Amino acid sequence: GVALARLGQLAGAKAYFDNAQAVYRKLGNKVELSTVLDNIGRLYYLLGEYDLCLTTFQEALQLAMDAKNRRTEAMTLINIGDTLLAMELYEKALESYQGALRPGEETLEPRLYCCVNIGLGSSYGALKDFKKAKFFLMQAAYEAERLNLRHELAMARLNQGILACREEDYSKAKEELGKCMVLLQAIGSSEPLIKAYLYLSLVLLRTK
């Protein structure tokens with residue numbers, strides 16, 4: 001299911017996640033059920049079903065907290081932040097990313113550290129606090145490159161490109177988006193690649 005979702009095959013992914021959800025509900029396994037619901041919420045996010053997405057994430061978050069599943073707790077808070085960011089609720093998104101910091105640190109998982117920093121950087125960028133946005137996105141990119149986390153590096157560069165676009169630094173935006181697109185094409189990650197193409201189109205339009 002995760003693999004299909006990453007490749008953009010959402011209907012196929014949903015079928016696997018629904019089967020997993022049914023089994024884990026029957027078993028009463030809160031740890032695994034919280035993880036499955038987090039993934040289902042992410043699918044709704046990709047489909048733009050934000051209300052349904054947030055409802056699913058809230059159930060996943062409560063289950064993860066009850067089961068002391070810190071990894072899924074952190075990941076769900078990051079995903080809630082992504083959803084609120086897409087809904088242009090920037091302050092609330094920032095709060096959700098900040099809430100992911102402690103459980104994320106407890107997991108000692110570098111990927112989560114990168115995801116939180118990308119979310120914080122994106123939120124500050126949307127709020128036009130460009131100094132803080134640059135700091136968090138640079139931290140995310142540095143750690144992702146150091147640890148060879150290709151997807152997280154691509155997402156950091158995508159958001160650095162978006163930030164440069166907001167600052168009207170179009171040469172920087174084009175450079176970062178170009179690097180990001182090479183990584184995303186290699187990985188086969190479709191949803192952020194679409195976003196990168198759209199922002200590159202915007203850069204080319206504004207620079208004629």
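The values are calculated or read from the model by the stated rules, or taken from the named source; none is laboratory data. Here the structure is a predicted model, which is why all the values come from computation and not from measurement. FYI the Cβ positions are ideal-geometry reconstructions off the backbone, even for glycines, and counts take in every protein chain you see. Ligands, DNA and RNA are excluded from the accessible area calculation, which covers all protein heavy atoms including side chains. Shrake-Rupley method; radii C 1.70, N 1.55, O 1.52, S 1.80 Å.
A compact table of results
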| read-out | value |
| --- | --- |
| Residue in the range 21-38 that is surrounded by the fewest Cβ atoms within 10 Å (Cβ to Cβ), counting only those that are under 14 Å from residue 64 (Cα atoms) and of a type in the set (A, V, I, L, M, F, W, C) | 31 |
| Neighbours by Cβ (under 8 Å, 6+ apart or cross-chain): first from the range 92-110, of a type outside the set (A, V, I, L, M, F, W, C); second surrounded by fewer than 17 Cβ atoms within 10 Å (Cβ to Cβ) and at pLDDT 90 or above | 110/147 |
| Residue, nearest to residue 60 (Cα to Cα), within the range 22-46, restricted to residues that are part of a helix (DSSP H, G or I) and more than 22 Å from the chain's Cα centre (by Cα) | 30 |
| Qualifying residues in the range 101-116 (those that are closer than 21 Å to residue 158 by Cα and among the aliphatic types (A, V, I, L, M)) - the one surrounded by the most Cβ atoms within 10 Å (Cβ to Cβ) | 116 |
| Residue 125 vs. criteria in contact (Cβ under 8 Å) with a residue 12 or more places away in the chain, part of a helix (DSSP H, G or I) and either surrounded by 16 or more Cβ atoms within 10 Å (Cβ to Cβ) or within 19 Å of the chain's Cα centre (by Cα) (or both) | yes |
| Residues satisfying the stated conditions in the range 186-201, i.e. modelled with pLDDT under 95, more than 14 Å from the chain's Cα centre (by Cα) and in a helix (DSSP H, G or I) | 186, 187, 194 |
| Residue 73, sole failed condition from (1) in a helix (DSSP H, G or I); (2) open to solvent by 30 Å² or more (accessible area, probe 1.4 Å); (3) charged (D, E, K, R) | (2) |
| Single unsatisfied condition, residue 83 versus (1) crowded, with 18+ Cβ neighbours inside 10 Å; (2) modelled with pLDDT of 95 or more; (3) of a type outside the set (D, E, K, R); (4) under 21 Å from residue 107 (Cα atoms) | (4) |
| Where residue 54 falls short, out of the listed (1) under 22 Å from residue 156 (Cβ atoms); (2) assigned to a helix (DSSP H, G or I) | (1) |
| The listed residue being in a helix (DSSP H, G or I), under 18 Å from residue 125 (Cβ atoms) and not hydroxyl-bearing (Ser, Thr, Tyr), out of 176, 168 | 176 |
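Per-residue answers, yes or no, for (1) open to solvent by 50 Å² or more (accessible area, probe 1.4 Å); (2) touching a Pro at 6+ places or on another chain (Cβ under 9 Å); (3) on the phi < 0 side of the Ramachandran plot; (4) touching a residue at least 40 places away in the same chain (Cβ under 8 Å):
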site	(1), (2), (3), (4)
133	no, no, yes, no
139	yes, no, yes, no
145	yes, no, yes, no
175	yes, no, yes, no
182	yes, no, yes, no
190	no, no, yes, yes
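Yes/no per residue for (1) surrounded by 18 or more Cβ atoms within 10 Å (Cβ to Cβ); (2) β-branched (Val, Ile, Thr); (3) within 26 Å of residue 123 (Cα to Cα):
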site: 9; (1), (2), (3): no, no, no
site: 14; (1), (2), (3): yes, no, no
site: 18; (1), (2), (3): no, no, no
site: 40; (1), (2), (3): yes, yes, yes
site: 46; (1), (2), (3): no, no, yes
site: 58; (1), (2), (3): no, no, yes
